[in-house]
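A short reminder: the numbers here are calculations on the coordinates, not readings from a lab. What you are looking at is a predicted structure, and each value in this text was computed from that prediction instead of being measured. Here Cβ is always computed from backbone atoms with ideal geometry, including for glycine, and neighbour counts include all displayed protein chains.
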Amino acid sequence: MSAQSLMDTARTLVANDKGLLAMDESNPTCDQRFAKLGIPQTLEARRAYRELIVTAPGLGESISGAILYDETIRQQTRSGTPFLEILAGAGILPGIKVDAGAKALAGHPGEKVTEGLDGLRDRLRDYYQMGARFAKWRAVLVIGDQLPSRGCLAANAHALARYAALCQEAGLVPVVEPEVLMEGDHDLERCGQVTEEVLRAVFHQLHLQRVLLEGMILKPNMVLPGLTSPSAQEVREVGTGEQQFQVRLTDRPPDEPAAVDEVADATVNCLLRTVPAAVPAIAFLSGGQSAELASARLNAMNVRFKSRLPWALAFSFARAIQQPALEIWRGLAANVPAAQQALVHRARCNRAARQGQYTAIMETD
Ligand code: 13P
């Protein structure tokens, strides 16, 4: 497969300040989110929900690529049009989640390794033939006392690199996702240290496996204080004037809020130390942040750093784009238009955040 076509696809995925929509929840994860809202956990409900997403009017104005799940890539609208055809019509490139999930790592209590390398070459060939042009593999790392361990780091970095090399062989741009989870009471600095260590290990392995950096996208976590740390309390208002945001992280009272700018600085500094300039784009996961905070933090990074960064800072959110829409939909056909509006609104907010033009006013219009 030509290096040029991989580089072209990677650049297309972040062109015009657009970003990626992750809609690749595995069936158990999708069902779990449905269950919380009283939505039936059925094949038809998952299909109807994904139809709502792909047919949302105007989605392609802010979204360049959609990451699908194996079930979804084969599905159609109620009236029989394949989702892949709808996405093509909207100018959205189809991507596919190809990992088989994170499983307990032997000998490492509390840690996981992502599986799915066996038979991957054949699956990638099939997905390419179906029309997929990029892929995703997610590794998860926990912060804890003495965690992540060196063994867990090495195993996940190795698997990510093997996956990325196989993707490029098949003509698919690998989205490389090492996610340091938000769970824990660690502070911002510790998340920064761990994320730095993780990214170093990942890029070392990508180099060993001869992955073309120009033909991949990195999907990291933002550097954030742990969910149960004092500084992760609710942030009500941040910034001043046009740059002021009302944002929500948790339901707990504000204590020592981690300022949006502080997160932006810690995240970009960590990436500058670890991500080679040849990588065309960094597309963040949202990881359970509120939708507004994810937009505000991405915006702050672009406002403060965009002109002096070697890579684009983009988004590849699932919950931070989908969650408000899912809460409106609740499985009812009558709610589809309002849910689609909410979905497209979040996509627009994140495109604005790429331009450094996301403001609190966008949330009240
Ligand atoms: P979140 O944005 O909800 O973290 O999901 C991103 C993703 O694709 C996880 O693999």
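Grab the Cα-Cα distance for Gln341 and Leu37, subtract it from 0.36 nm times how many residues apart they are, and report the gain in nm with one decimal.
107.5 nm
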Length-normalised contact order of the chain, Cα under 8 Å, at least 6 apart, in percent, tallies to 18
Once normalised by the length of the stretch 268-323, the mean sequence separation of its alpha carbon contacts under 8 Å that are 6 or more apart gives a contact order in percent of 51
For Val140, other-chain or 5+-apart residues with amide H closer than 5 Å (H placed, Pro excluded) are Thr114, Glu179
Mean shadow area (nm²) of the C-alpha convex hull around the stretch 1-160 is 11.7
Charge tally for neighbours of Leu93 with beta carbon under 13 Å away, counting Lys, Arg as +1 and Asp, Glu as -1, is +3
Taking the stretch 137-227, the equivalent ellipsoid from its C-alpha gyration tensor has semi-axes in Å, biggest first, of 25, 12, 10
Rounded to the nearest whole number, the Stokes-Einstein translational diffusion coefficient of the stretch 49-138 at 25 °C and 0.890 mPa s (Kirkwood radius, C-alpha pairs) in µm²/s is 170
So for the chain, using the alpha carbon gyration tensor with a ≥ b ≥ c as root eigenvalues (a/c under 1.5 gives rounded; past that, a/b versus b/c decides prolate or oblate), I'd call it rounded
Taking the convex hull of the alpha-carbon atoms of the stretch 180-237 and averaging its shadow over every direction gives an area in square nanometres of 5.0
log10 I(q)/I(0) for the stretch 304-343, Debye formula on C-alpha points only (no solvent), q = 0.17, 0.23 Å⁻¹, two decimals, reads -0.54, -0.70
Close lysine pairs (the chain; alpha-carbon distance under 23 Å; 8 or more apart or on separate chains) counted at 14
Within the set Ser79, Ser231, Ser64, GNM on the chain using Cα springs under 10 Å gives the largest fluctuation to Ser79
Charge tally for neighbours of Thr77 with beta carbon under 12 Å away, counting Lys, Arg as +1 and Asp, Glu as -1, is +1
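Hydropathy at least 0.0 by Kyte-Doolittle, axial extent at least 20 angstrom from the Cα trace: which helices of the chain, defined as entire DSSP H runs, fit?
Once both thresholds are applied, what remains is 150-170, 188-208, 260-274, 291-305.
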Taking only Cα atoms of the stretch 94-152, the Rg to Rh ratio with Kirkwood Rh works out at 1.11
Only helices counted: for the chain, with every DSSP H run of 4 or more residues adding -39500 (n - 2.57) and the sum spread over all residues, [θ] at 222 nm is -13500 deg cm²/dmol
Here D for the stretch 174-213, in µm²/s, from Stokes-Einstein with a Kirkwood Rh over Cα pairs at 4 °C and 1.567 mPa s, works out to 113
Share (percent) of C-alpha pair distances in the stretch 1-69 greater than 17 Å works out to 54
The residues Glu61, Glu292, sorted from fewest to most surrounding Cβ atoms within 10 Å, come out as Glu61, Glu292
